Amino acid sequence: MPETVFLINAMAESKKHDINITVRTVYIPEQSDPDSDRYVFAYTIVIANEGTEAAQLISRHWIITDAENRIQEVRGLGVVGEQPFLRPGETFEYTSGTSLATPVGTMRGSYQMVSEDGLKFDAEIPEFTLTMPRVLH
C-alpha cells in the first residue's frame with residue numbers, strides 16, 4: 001500500500017520547546033466502501049521532543065476537511081488514551097484513523113503541550129493530505 005510521508009516541524013517560541021512531528025498516511029481499502037461514500041485512512045504520527053525542556057502532550061485538536069469542504073473538528077485529552085511525557089530527545093509514536101465521505105481530504109491541528117517549567121504551548125500540525133491511491137496526480 002503506498003503511503004505518504006510528511007515531515008512537519010512545529011516549534012514553540014524557542015528551541016527550548018521544539019516539537020518535531022512526522023506524519024505517515026495510508027488508505028485502508030478493506031474498511032472503506034466507495035459505493036457508500038466511506039473512505040477510511042490511517043495516520044501514524046511520531047512526536048519528537050527536539051527541545052531542551054521536557055513537555056507533556058495534554059490534548060489534541062484536529063480539523064478534518066473532505067473534498068466538499070465538510071469539516072469535522074475533533075478535540076480530546078491526549079492521543080490514543082495517553083498523555084505522553086517526552087524528555088528532550090524522546091519520541092512517541094501512535095496510529096489512529098479517520099473516515100471521509102470523499103476519496104481526498106486534509107487534516108491539520110495542534111497538540112496542546114505543557115513544558116516542565118509550566119509553560120503551555122501548542123505544537124501546530126500543518127495541513128497534510130489524505131488520499132485514495134490514484135486519485136491525485
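The values are calculated or read from the model by the stated rules, or taken from the named source; none is laboratory data. Because the structure is a prediction, the values reported are computed rather than measured. Reconstructed Cβ throughout: ideal geometry from the backbone, glycine too, with neighbour counts over all protein chains shown.
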Give segment 85-123 a look and list any residue that's of a type in the set (Val, Ile, Thr) and either in a strand (DSSP E or B) or at pLDDT below 95 (or both), or say none. THR91, THR95, THR98, VAL104, THR106, VAL114
Only one of these conditions is not met by LEU86: (1) over 19 Å from ILE28 (Cβ atoms); (2) in contact with a Gly (Cβ under 8 Å, 6 or more places away or on another chain). Which number is it? (2)
Check segment 89-111 and report whether any residue there is out of contact with any strand residue (DSSP E or B) (no Cβ under 8 Å at 6 or more places or on another chain) and of a type outside the set (Val, Ile, Thr). no
Would you point out the residue of segment 34-84, among those that are over 17 Å from the mean Cα position of the chain (by Cα) and part of a strand (DSSP E or B), that is farthest from ASP117 (Cα to Cα)? ARG38
Look at THR44 and say whether it is modelled with pLDDT under 95 and of a type in the set (Ser, Thr, Tyr). no
Filter result (more than 19 Å from VAL40 (Cβ to Cβ), surrounded by fewer than 16 Cβ atoms within 10 Å (Cβ to Cβ) and among the aliphatic types (A, V, I, L, M)) within segment 72-102: LEU77
Do you know which residues across segment 13-33 are of a type in the set (Asp, Glu), assigned to a strand (DSSP E or B) and either surrounded by 14 or more Cβ atoms within 10 Å (Cβ to Cβ) or touching a residue at least 60 places away in the same chain (Cβ under 8 Å) (or both)? ASP18
Taking the residues in segment 37-64 that are hydroxyl-bearing (Ser, Thr, Tyr) and over 18 Å from PRO133 (Cα atoms) as candidates, determine which candidate is surrounded by the most Cβ atoms within 10 Å (Cβ to Cβ). SER59
